Structures are given as C-alpha cells and as structure tokens.
Amino acid sequence: MSGFFYDDDRQRATSALEALRLYQAAEAAMRRRTRESMSMGENELLVIRQLLRAQSRNVPVKPGDVAKYLGISSASTTSLLDRLESAGYLRRVPHPSDRRSVYLEPTERADDEVRSTLSAMHDRMHQVADETTPEATAAVIDFLSRMQDAVDSVEPAPSLQRQRGAASTG
C-alpha cells in the first residue's frame, strides 16, 4: 500500500516540476520576444529592468552594481553601458559627492518601451494572481521560495571545483 502512495506523491511532485519548467520556458520565450522587439541582448534588458526596479525603490545604482548583478567584468560592463547610453536607454549621472563615481539612471525612453512592451503581459499575470485564492497564493509563494532555496544551494560539480581551484593556484 505504501508504494501506491509513493507513486501518487512522486507523480504529484513530477507534475509540479513539469509545470514549473513549462512556465520557465514560456517566460524565457517572452524575454526573447521582448529583447527582439527592443533590439536588445539578454544582459541589456536585465540592466534596464535592474535600473527601473532600483529607480522605483529610490536606490542608486553604480556600474559596479551592474557588474556584480550580471557576473561580468568591469570592461564588459562598460561596453554594455556605453551601448545602452548611446541607444538612449540610460544616462550616467555624476555622484553628488565623489567626482570619480557615477550613478546610472534609466531614461524615459527605457521606461516607456518596457511599459509598452510588457504592460499587457503584466496585466494578464496580475489578473491570474488576483483570481487565485489566498490559500493557493500562500502555497505558491511557499513552493517558489523553497524552490529558490533548493536551486540557490546547488554547488558546482566536483570536477568544476577542482578546475577552478587549479586555475586560481596556477
């Protein structure tokens, strides 16, 4: 009898993970379409979204914050920021007290294009969330939080750790 319940539990978990994978694939396709419509690469769109979120929270963003967020070098960050600035999506603003430092701000163009591209999708997503019962919402939040913890705790494969260790000592 316990095998029967194990099979049901395993099927339930497999179904939940499959639904999560399908959602992730749909979201990745949506991001690709958004990047294409805005003529941007993945990192460029991520920076614009980072800057818009920071601006809505009144949090200043420096180029080093972008490099850390994307996990790229400062040279790559500078090139990326140069492209976004020349395309009119961001501006570099002098730091008020440190002449060597700048803050990054999204332009109105960035805000307008992101809103026009994503607002209908965000409205549909909010409608789905609004139609979900409070109990189901709590379960979804708990599930996604625990899934985030599960994937955040994944360590590199032992062979990759050895390669990195050898590279840093060699």
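Could you tell me how many degrees, from 0 to 90 and to the nearest 10, lie between the Cα long axis of helix 2-38 and the main elongation axis, the longest principal axis, of the Cα atoms of the chain?
20 degrees
Taking 8 Å as the Cα distance limit and 6 or more residues as the minimum spacing, I'd like the relative contact order of the stretch 33-95 as a percentage. Could you put the intermediate results ahead of the total?
On the way: 25 pairs, mean separation 16.0, N = 63.
Over the stretch 33-95, the number comes to 25 percent.
For helix 42-56, what angle does its Cα long axis make with the longest principal axis of the chain, in degrees from 0 to 90 and rounded to 10?
80 degrees
Tell me the carbon and sulfur percent of the accessible area for the stretch 45-100, rounded to whole percent, probe radius 1.4 Å. Mind dumping the intermediate values first?
Numbers: 1760 of 3540 Å².
Exposed carbon and sulfur together represent 50 percent of the surface.
If you plug each phi of the stretch 132-141 into the Karplus form 6.51 cos²θ - 1.76 cosθ + 1.60 with θ = phi - 60°, what whole-Hz ³J(HN,Hα) values come out, in order, with x for Gly and Pro?
Per residue, the Karplus-derived 3J(HN,Hα) values read 8, 5, x, 5, 5, 4, 4, 5, 5, 4 Hz.
Between ARG21 and VAL151, what is the spin-label point distance in nm, taking each point 7 Å from the Cα along the Cα→C-beta axis?
That separation, rounded to one decimal, is 1.3 nm.
Starting from the amide H of ARG91, placed 1.01 Å from N in the peptide plane, find each other amide H under 5 Å away whose residue is 5 or more places distant or on another chain.
Amide H neighbours of ARG91, under 5 Å, 5+ apart: GLU105, THR107.
So if each residue of separation counts as 0.36 nm, and I subtract the Cα-Cα distance between SER101 and ASP8, what length gain in nm does that give?
Working: separation 93, 0.36 × 93 = 33.48 nm, distance 5.77 nm.
Here the segment from SER101 to ASP8 would lengthen by 27.7 nm.
Could you give the accessible area per residue of the chain, probe 1.4 Å, as a whole number in Å²? All intermediate terms of the calculation are to be shown ahead of the outcome.
Working: 12300 Å² over 170 residues.
Accessible surface, normalised per residue, equals 72 Å².
At most 12 other C-beta atoms within 10 Å and a DSSP loop state: those are the exposed trypsin sites (Lys or Arg not before Pro) I care about. Give me the longest piece of the chain that has none.
Values: sites that count: ARG57, ARG99, ARG100.
With trypsin sites (Lys or Arg not before Pro) excluded where exposed in loops, the chain gives 101-170 as its longest stretch.
Give me the accessible area of ASP98, 1.4 Å probe, in Å² rounded to the nearest 10.
Rounded to the nearest 10, the figure is 50 Å².
Relative contact order for the chain: what is it in percent, counting Cα pairs under 8 Å that are at least 6 residues apart?
Values: 85 pairs, mean separation 26.2, N = 170.
It comes to 15 percent, rounded to a whole number.
Given H placed on each backbone N at 1.01 Å, which residues far from VAL61 in sequence or on other chains put an amide H within less than 5 Å of it?
LEU104
The values are calculated or read from the model by the stated rules, or taken from the named source; none is laboratory data. Note that the structure is predicted; figures quoted are calculated from it, not measured. All Cβ positions, glycine included, derive from the backbone under ideal geometry; neighbour counts span all protein chains shown. In case anyone asks, the SASA skips ligands and DNA or RNA and just uses the protein heavy atoms, side chains included. Shrake-Rupley method; radii C 1.70, N 1.55, O 1.52, S 1.80 Å.
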